[in-house]
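Enquirer: Quick one: the structure is below, questions incoming.
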Amino acid sequence: MKDTAITITSPPPAPVLGSPPAWLTDLYRFDEQLTDAERTVRDRVRAWSDSAVIPVANDYWQRAQFPFELVPGYARLGIAGGQLQGYGCPGLSAVAEGLAAAELARGDGSISTFNVVLSGLAMTAIGLLGSGEQKARWLPAMARCEEIGAFALTEPDHGSDVAGLETRARRDGGEYVLDGAKRWIGNGSIAGITVVWARDDDGNVGGFVVERGPEGVPGYKATVITGKSGNRAVWQAEIQLTGLRIPAENRLAGSRTFADTARVLTKSRQNVAWEAVGHAVAAYEAAVGYVMQRRQFGKPLAAFQLVQNKLSGMLSDIVGMQQMCLRLAHLQDEGEADLAMPVSRSCTPLPPPDGCSPTPATCSAATGCCSSTTSPATTPTSRRSTPARAPTSCSPSSSAGRSPGSARSRSPGVRTAPAGGTFGTSAGVLGHYTGVATPPCRRPSGRSPIRSRRCRFPTRTSCRASSRS
């Protein structure tokens, strides 16, 4: 029997276009927290996404083709460069830049990725680390999208481990010679200005700007990565650098170590978070549009409580994401956003667990983190050891009066937090606990410590200490 290929096509539901923010996703008056200028940017980008991007996005995605025809319209939005001031850049607030990223992502993930690479990475690297002459040389054309930018950081053997990059930049007279490989570089095959990150003769990481005309440049070979399942309409490239020569003045003046690279990455992270908001809103609007149109058992799917429950869960997530991103953007506008930011600037300790006496603590003005000023106490370990309290010195109340050297004063498996570290937590989230042991987990009534290996109270750790004398 001859095989017959059967193709079933079903048109997607019509997207909900041009919906005002308050109609579907603004239950907590998010719009009222924005300035008129921020709303103007948001509405301008949303209108362009609705009219120019959404109608053609699926076609470009199916063909895995970059939408060159959309670049002039993107340029007219006046958002390339984001928060950068001068040199043709718009000087947006962090909120406006984030809203623009969210609206582009709501329209299409590929277009929003193009924006983040050009504006949030390539232009930001030049804006943060370039000299005045370098900014004047490259940023105006990039802001007008006459030159597309790329940010060549990740490598075949160094993805999330980018700090270990191996691409080299060897000084040769008035030039640098670049050798190495880069992978997953957005816009890498079409960019006229590519910031390549490489190690110099001293092993320090720097940003080196490669300028390419339509005819290309010797030593730079970019191959588009195919077969992607996501972001198909934006091209990522694998780049081979072989004896590529650039003028010495093309090294960004402020790029001396990987810490400078991290400054650019830190700045760009807020736009990535806003992109997630845009994707979530798009998914919610498409879901609402579909369940309002699709009828089963004589009524729309939206009339069923199970569907309503799923939609309400989506909406709850969106509201939280919006407020989180807005707060992050406000902190960024105030110069207070930092990936290593502690939870609180205060050293006021939380109440100690029952039967525990708090240890005096001091606060480091440099780090904003509290540390113990006395010898650390020790408590039995557990597989579920996550400190959620201020540094304390605790011991089971039932062991009071026991001599320090008695056989039961300590249990096997004692574990103390390493100096300057935490138990399985990010130092930037809970702060550094210096030599402080985790407090025992106790029952609310003050009874003896829990003897099981599992703690029923997730904010405290388990104890296996015996309460018998």
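Enquirer: So if each residue of separation counts as 0.36 nm, and I subtract the Cα-Cα distance between residue 26 and residue 228, what length gain in nm does that give?
Expert: Contour length minus Cα-Cα distance gives 69.3 nm.
Enquirer: Identify the residues of segment 226-260 with backbone N under 16 Å of a label point that sits 7 angstrom from the Cα of residue 175 along the Cα-to-Cβ direction, or state none.
Expert: Residues 241-251 qualify, since their backbone N sits under 16 Å from the label point.
Enquirer: Counting only residues 5 or more places away or on other chains, whose amide H sits under 5 Å from the amide H of residue 152 once H atoms are built in the peptide plane?
Expert: Counting only residues 5 or more places away or on other chains, the set is 195, 196, 197.
Enquirer: Here's a follow-up. Classify segment 122-179: rounded, prolate or oblate, from the alpha-carbon gyration tensor (a ≥ b ≥ c, eigenvalue square roots; a/c under 1.5 rounded; otherwise prolate if a/b is larger than b/c)?
Expert: Working: a/c = 2.35, a/b = 1.41, b/c = 1.67.
Verdict is oblate for segment 122-179.
Enquirer: Still on this model: List the residues, sorted by chain then number, that are 5 or more residues from residue 253 or on another chain and whose placed amide H is less than 5 Å from its amide H.
Expert: Sorted by chain and number, the residues that satisfy this are 131.
Enquirer: Take the alpha carbon gyration tensor of segment 195-269, find the square roots of its eigenvalues, order them as a ≥ b ≥ c, and report rounded if a/c is under 1.5; if not, report prolate when a/b exceeds b/c, else oblate.
Expert: Oblate, since a/c reaches 1.5 and b/c is not below a/b.
Enquirer: Next question. First check a/c for segment 53-117, with a ≥ b ≥ c the square roots of the eigenvalues of its C-alpha gyration tensor; if it is under 1.5, answer rounded, and if not, answer prolate when a/b is larger than b/c or oblate otherwise. Walk me through the numbers before you get to the answer.
Expert: Numbers: a/c = 2.78, a/b = 1.92, b/c = 1.45.
The shape class here is prolate.
Enquirer: A follow-up question, please. Report the GluC sites (Glu not before Pro) located in segment 275-341 that are in a DSSP loop and have at most 14 other Cβ atoms inside 10 Å of their Cβ, or state none.
Expert: Here the sparse-neighbourhood loop sites are 334, 336.
Enquirer: In whole Hz and in residue order, list the ³J(HN,Hα) couplings for segment 78-88 that follow from phi through the Karplus curve 6.51 cos²θ - 1.76 cosθ + 1.60, θ = phi - 60°; x for Gly and Pro.
Expert: In residue order, the calculated couplings are x, 10, 5, x, x, 7, 5, 9, x, 6, x Hz.
Enquirer: Take the Cβ-Cβ distance between residue 202 and residue 249 as r, set R0 to 25 Å, and report the resulting FRET efficiency rounded to the nearest 0.05.
Expert: My answer for the efficiency is 0.85.
Enquirer: Another question, then. Under 26 Å from the Cα of residue 182, which lysines turn up, not counting those fewer than eight places away in the same chain?
Expert: Partners within reach: 135, 221, 228, 267.
Where a number appears in this text, it was derived from the coordinates with a stated rule and is not lab data. Predicted, not measured: the structure shown is a model, and the values here were computed from it. Using ideal geometry, Cβ is built from the backbone for each residue, glycine included, and neighbour counts are taken over all protein chains shown.
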